[in-house]
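To start, the structure itself, in structure tokens.
The values are calculated or read from the model by the stated rules, or taken from the named source; none is laboratory data. Everything numeric in this text was worked out from a predicted model, so none of it was measured. Quick reminder, even Gly has a Cβ in these numbers, built from the backbone with ideal geometry, and neighbours come from all protein chains shown.
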């Protein structure tokens, strides 16, 4: 039987004008609420009838959630700021170019015009079994279809699996980790600030969520400290199609070198685990060294240690290794 | 004609099974399509809590004020095509992938299939119908497409032309490569990209002459 999927099924829509009103609505509807940012991902879920919220809370009318402003020597970015604005804002391009590059690599011009930084960071995984509405672990079931013997898992994880093998698809997430960004999460009982690295979680912590945010929580600000302003950045996203696509493996790094030696480094990779990974060991291996190809290779080798590829995704290991290598030696 | 069943709504708002004739929609019959759109719940509880939306709204489309009754969960493409009769905006994938539904909101390109009409209240919407000037003079991009014979089947053309128009208006000296990047959010299944880019280059030229 054919299934018509051209209308979003009935639900209520709220367009609150303040964070307080939005939080009240989220509390009122609890798990049946849905936070709408750009909506590019949300509407697919709704049209496919896989996510069926009772109430959509559209954040588009809350002024304090968008815009970019200076904060000491860093920046505070509203989560509803469009990816186009993040990619072109002079303060971001000039001082935190890594984030601008990451935002520019997201999808298409139309999607960047509407999609938001907060939505890109908090987006759900692309695992096609989960997306297809299969009752997997992440959907509340008790099986992972993507790690079954004949599963198609070329785009799944090589690290961090815990029953679920899906990956985090965000392009901007590894950039926020490399920049030591902080996420401000607000709910009706107050505000909590998370380091970007801790904001993203794997299935070992909660198999149904990609971030620390639970129903009733809102991402209300992204803080970029001045720590890495003007550092040497490297961003590369590998995808099946050059024009636009989700990432297979993405690397984002920030480094400070002086006297031919790497003084400090942050390297983050996405597309290889259910969360964007920070490569602490590889970072330690390059600090104090010259940014040469040899050191890059060594860092790449360290990065892929302990990887556990699935049947169809072992190609991600050389990909990841070489991206780390390029990130390190790019600073020559 | 084939009868197709719509997935039933679950939960407290569980209506009787709704059916409609797919062929009628495919034929683009506005009346049938809008009766399908209106077949939702009679009264929605909008306005109960703070921030609930009012269904009756005024949209600014191509410089005109249009009063329209919009469901809370209705996409802009649906409103434009089936309520305002602006069928120049095409629905291809309905999933923010193909770009056939591209329109301008405040001069910036958006996929109208993937935004709610309620999200554009108070903003300037421009569709392919609003591209030519009121005296009937074609937009430089439209003229360029005619000059270069830019499309084959042209189902994707309105979306491409809207993307092209937004881009060349802001970048009147763009290169072919820059045009290609600006058009990367639109797909052409005929694969006519070279001629589309020829048109884009011609459009840049015409914009330059006009300036």
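Values as computed for the structure displayed
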read-out	value
Residue tally, condition under 23 Å from residue A:104 (Cα atoms), modelled with pLDDT under 95 and surrounded by fewer than 15 Cβ atoms within 10 Å (Cβ to Cβ), over the range B:172-211	1
So residue A:15, is it closer than 29 Å to residue B:71 by Cα, within 13 Å of chain B (Cβ to nearest Cβ), buried (at least 20 other Cβ atoms within 10 Å of the Cβ) and without any contact (Cβ under 8 Å) to a residue 12 or more places away in the chain	no
Test for residue A:259: is it modelled with pLDDT under 95 and either surrounded by fewer than 20 Cβ atoms within 10 Å (Cβ to Cβ) or in the same structural domain as residue A:100 (by the TED database) (or both)	yes
Residue check, residue A:119 surrounded by fewer than 21 Cβ atoms within 10 Å (Cβ to Cβ) and either over 17 Å from the mean Cα position of the chain (by Cα) or part of a helix (DSSP H, G or I) (or both)	no
The range A:18-55, residues that are out of contact with any strand residue (DSSP E or B) (no Cβ under 9 Å at 6 or more places or on another chain) and more than 8 Å from chain B (Cβ to nearest Cβ)	A:18, A:20, A:30, A:31, A:41, A:48, A:50
Residues of the range B:90-117 classified as in contact with a strand residue (DSSP E or B) (Cβ under 6 Å, 6 or more places away or on another chain), in a loop (DSSP other than H, G, I, E, B) and farther than 19 Å from residue A:36 by Cα, total	2
Options A:202, A:271, A:216, A:230; residue that is more than 14 Å from chain B (Cβ to nearest Cβ), over 30 Å from residue A:190 (Cα atoms) and surrounded by 18 or more Cβ atoms within 10 Å (Cβ to Cβ)	A:271
Exclusive hit being over 13 Å from residue A:178 (Cα atoms), touching a residue at least 40 places away in the same chain (Cβ under 8 Å) and not in a loop (DSSP other than H, G, I, E, B), set A:310, A:317	A:317
Residue list for the range B:140-150, filter: more than 12 Å from residue B:197 (Cβ to Cβ) and either at pLDDT 95 or above or assigned to a helix (DSSP H, G or I) (or both)	B:140, B:141, B:142, B:143, B:146, B:147
Residue satisfying condition, being within 11 Å of another protein chain (Cβ to nearest Cβ), more than 10 Å from the chain's Cα centre (by Cα) and surrounded by fewer than 24 Cβ atoms within 10 Å (Cβ to Cβ), within set B:52, B:85	B:52
